[in-house]
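The values are calculated or read from the model by the stated rules, or taken from the named source; none is laboratory data. Small disclaimer: the values here were computed from a predicted structure and weren't measured. FYI the Cβ positions are ideal-geometry reconstructions off the backbone, even for glycines, and counts take in every protein chain you see.
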Amino acid sequence: MPLFDFSGTPAAGKDPVCTYSVFYSNERDASPERPILIIDNSEREWKHHSPGIFTNPIKRTSFEFKEDGGTLSADILRIDARFTSLLKWLGENHINVRLSGRNTEEGYAVYRIREIAFGGDKRLSAEDGFLQFMIERLFASDAPSAEIEDEEQEEDGDGMKLTSLQSITDFLNCAGRTLPDNIRLWARRNLAVARSNEVTPEERRHAQRALSIMLNINWKTNWFDSIDPVRAREILDAELYGMESVKQRIIETIIQINRTHTLPAYGILLVGPAGTGKSQVAYAVARILGLPWTTLDMSSINDPEQLTGSSRIYSNAKPGIIMEAFSMAGQSNLVFIINELDKAAAGKGNGNPADVLLTLLDNLGFTDNYIECNIPTSGVYPIATANDRDLISAPLLSRFAVIDLPDYTAEEKKVIFQKYALPKILRRMSMREDEVTVTEDGLSAVVAMSGGTGIRDIEQAAEHMAANALYQIEVNGVSEVVFDGEAVRKLLG
């Protein structure tokens, strides 16, 4: 790799000398056995918590320990390839840090770096929180290839969020290689616009806002952990009573992750009457996958621009709902729960919202009109719900594994009311289960009075009955309320 000292320029005279070598690691955290860097301790051992600064006073990459009122320098021997730019930047800016490490035969193994106030006025963009933010992002990234590491790095170009131009610049200098190539190049161009005096203040504001949105998203690889089928079944059982074939089909659809470590080629479309628990199942699948989720309600979207954002030529321009979902999740791997897919028909604006969904579902990348950059979508898993599959276009249907959720039978609704709906309401109201009793003919009356599809009506019935029982207990002083068929019909009629 080209050798530069931590002042940012090659040492004068002959070619600069680099004392360290890089090693390549994809570990997600550090320890004495898996350190960030190793410092020479052949002449003396260093303390567990050692303050100082990264520097290169004599053409040698080193760390200056501040101990006992003096300064002692030691060469850096090895560095995790992901952290070379960060350490260079810390040295260039003379940031005072504290190292946590352990003395080993190989050297002083550093596994934690924190900023400290050490008499200087040089600070990070947002003090220690910003440094920890960058370190977390670097650990979440993969090791750069040897080819990238051998190239000359030119990454020039408030709190835990990157909002100010300074924090954005610092992040690109230190952790720019954690970004996909096209996003890194896009960020350089937009940073130039945000700093330029040759464009309008409006253009600078839009560029800075777009940078803040994009760089606060952790752009992950499309590698996914295996799922535990037993735990997956437990999660589905907690959300869905019965429907064994539905649960089996869901697990079969996503179990391929265990072999490929990539998302299934098809999303899941849950079709069934209202109230059958489609949305709850979608959230359960997101928990099984261990991913954050966001929802798109297609019944409220009547213009494609709501999904794709508006152009920066408008003063009130903003990103679309899809880009905002990435921003809210803070990462690129997430579950998109698309509610009421059958409502994704032609809208009132220019175009059809369903056409925008096709670009998202194909996992080939998505472009937001405000961001003006191709967004990788290989880490997006879509789960859609619908009441009527006949209203969904064939191109959309072809992107999903369709799973039908039938309505519950009367006997199933009785079990759901007695074992799930009513106990849940009683717990929420801090009531004991022996304070409310529903007889067999009372259960039949509840189901008969709740004539709609799904279980929403019986959940509402449970809420009404529990509230009535609590009133009788608190006002009339009874210890137990029994609901038989007549009582249920009188209360719910």
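Details
- Filter result for ASP407 (under 20 Å from the mean Cα position of the chain (by Cα) and either of a type in the set (Asp, Glu) or outside the structural domain of GLN306 (by TED's automatic domain parsing) (or both)): no
- Of the residues making up the range 395-426, those that are under 18 Å from ALA445 (Cβ atoms), surrounded by fewer than 18 Cβ atoms within 10 Å (Cβ to Cβ) and of a type in the set (A, V, I, L, M, F, W, C) are ALA410, VAL415.
- Among the residues of the range 284-316, just one is closer than 17 Å to ARG231 by Cβ and either in contact with a Pro (Cβ under 6 Å, 6 or more places away or on another chain) or surrounded by fewer than 16 Cβ atoms within 10 Å (Cβ to Cβ) (or both), namely GLY290.
One line per residue, one yes/no per condition, for (1) more than 26 Å from ALA74 (Cα to Cα); (2) modelled with pLDDT of 75 or more; (3) part of a loop (DSSP other than H, G, I, E, B):
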position: ALA109; (1), (2), (3): no, yes, no
position: LEU138; (1), (2), (3): no, yes, no
position: GLU149; (1), (2), (3): no, no, no
position: LEU162; (1), (2), (3): yes, no, yes
position: ILE168; (1), (2), (3): yes, yes, no
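- Filter result for LEU72 (farther than 24 Å from THR178 by Cβ and either of a type in the set (A, V, I, L, M) or under 38 Å from the mean Cα position of the chain (by Cα) (or both)): yes
- Per the conditions (1) modelled with pLDDT of 90 or more; (2) closer than 30 Å to ILE268 by Cβ; (3) in contact with a Leu (Cβ under 7 Å, 6 or more places away or on another chain); (4) part of a helix (DSSP H, G or I), the sole criterion not satisfied by ASN468 is (2).
- Index of the failed condition, SER378 passing every other in (1) surrounded by fewer than 20 Cβ atoms within 10 Å (Cβ to Cβ); (2) outside any loop (DSSP other than H, G, I, E, B): (2)
- Selected residue [of a type outside the set (Ser, Thr, Tyr) and in the same structural domain as GLN280 (by TED's automatic domain parsing)] from LEU397, LEU470, LEU422, LEU426: LEU397
- For the range 397-412, a residue qualifies if it is touching a strand residue (DSSP E or B) at 6+ places or on another chain (Cβ under 8 Å) and closer than 15 Å to ASP362 by Cβ, and the qualifying residues are LEU397, ARG399, PHE400.
- Selection status of ALA126, closer than 21 Å to ILE217 by Cβ, modelled with pLDDT of 65 or more, surrounded by 13 or more Cβ atoms within 10 Å (Cβ to Cβ) and of a type outside the set (Val, Ile, Thr): no
- Residue match in the range 27-40 (condition: of a type in the set (S, T, N, Q), within 34 Å of the chain's Cα centre (by Cα), modelled with pLDDT of 90 or more and in a loop (DSSP other than H, G, I, E, B)): yes
- Matching residues, the range 236-263, being under 24 Å from LEU361 (Cβ atoms) and part of a loop (DSSP other than H, G, I, E, B): ILE255, GLN256, HIS261, THR262, LEU263
- Reported count of residues in the range 64-117, each being surrounded by fewer than 21 Cβ atoms within 10 Å (Cβ to Cβ), on the phi > 0 side of the Ramachandran plot and of a type in the set (Gly, Ala, Ser), is 1.
- Among the residues of the range 380-394, not a single one is touching a His at 6+ places or on another chain (Cβ under 8 Å) and at pLDDT 90 or above.
- Identity of the residue in the range 294-309, among the polar types (S, T, N, Q) and over 24 Å from the mean Cα position of the chain (by Cα), that ends up nearest to ILE371 (Cα to Cα): ASN302
- Residues of the range 264-322 that turn out to be basic (Lys, Arg), within 30 Å of GLU244 (Cβ to Cβ) and either at pLDDT 90 or above or outside any helix (DSSP H, G or I) (or both), as a count: 1
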